[in-house]
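Okay, so here's the structure we're looking at.
Here, each number is a calculation from the coordinates, and none is a lab measurement. Values in this document were obtained by computation on a predicted structure and should not be read as measured data. Glycine gets a Cβ as well: all are built from the backbone with ideal geometry, and neighbour counts include every protein chain shown.
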Amino acid sequence: MNRKHILLVGGTGMLAGLTSYLAIDHHVTVVGRDKENMANVVQRNPDTCHPLIVDYREEEALSSALQRAVRQNGPFDQVIAWVHRGSGKAMQLILDHSETAAVIHILGSRANPEYEKKCLCLNEQQSYRQVQLGAKHDGENFRWLTHEEIVHGVIDAIEHSSDYQLIGQLVNKGGKNG
């Protein structure tokens with residue numbers, strides 16, 4: 001089997017199920033801060049899940065960790081990154097270390113997808129797509145997506161290559177559809 005090398009940023013929390021799913025068939029380098037969460041994720045697929053315990057807001061540590069991952073397992077074929085707003089240059093550093101990758105950038109519900117893309121310098125060999133997380137309507141109220149709903153939505157985005165995909169619905173501050 002020809003395994004891809006996938007970089008998954010945020011793969012020990014809400015995307016832990018995605019890490020396990022991808023690590024069945026591919027080498028997955030997982031960026032996370034929490035050692036206990038990382039150990040739980042890696043133990044599910046210890047041969048194909050490669051931990052990078054680093055806070056992506058620490059730019060030098062992130063850059064060194066990404067360089068080490070590329071040396072050990074080759075260049076990233078795909079990047080799936082859930083990088084919180086206000087994280088400095090983390091997303092750009094990830095792109096800079098993923099020169100030929102297919103990138104899926106996961107955005108929060110309040111993000112402006114056009115602005116987020118404009119802030120990044122992409123090269124001609126990278127493809128860039130966005131998945132935005134919304135909310136689900138439950139009767140009269142909206143609720144946050146469950147981890148399972150997020151994982152299924154991201155898997156759907158991986159399998160269907162549109163430039164933008166919304167999971168759930170966007171909701172304005174008054175609780176109405178946005």
_Loop by DSSP (not H, G, I, E, B), at most 13 other beta-carbon atoms within 10 Å: where is the longest site-free stretch of the chain for GluC sites (Glu not before Pro)?_
1-98
*asked:* Relative contact order of the range 5-167, please, whole-number percent, based on alpha carbon pairs below 8 angstrom and at least 6 residues apart.
replied: 19 percent
*In straight Cα distance, which aspartates and glutamates are under 18 Å from residue 89, not counting same-chain residues fewer than 8 positions off?*
55, 58, 59, 60, 99, 114, 116
*Dipole size in debye (nearest 20) for the chain around its Cα centre, Lys and Arg Cβ +1, Asp and Glu Cβ -1?*
300 debye
_Cα-centre dipole for the range 1-84 with unit charges at Cβ (Lys and Arg positive, Asp and Glu negative), debye to 20_ = 180 debye
*Filter the trypsin sites (Lys or Arg not before Pro) in the range 91-178 to those in DSSP coil with at most 13 other Cβ atoms within 10 Å of their Cβ, and list the result.*
110, 173, 176
_Cα centroid separation - the range 54-121 against the range 146-172, whole Å_ = 19 Å
*Mind pulling the per residue volume of the convex hull built on the Cα atoms of the chain? Å³ is fine.*
122 Å³
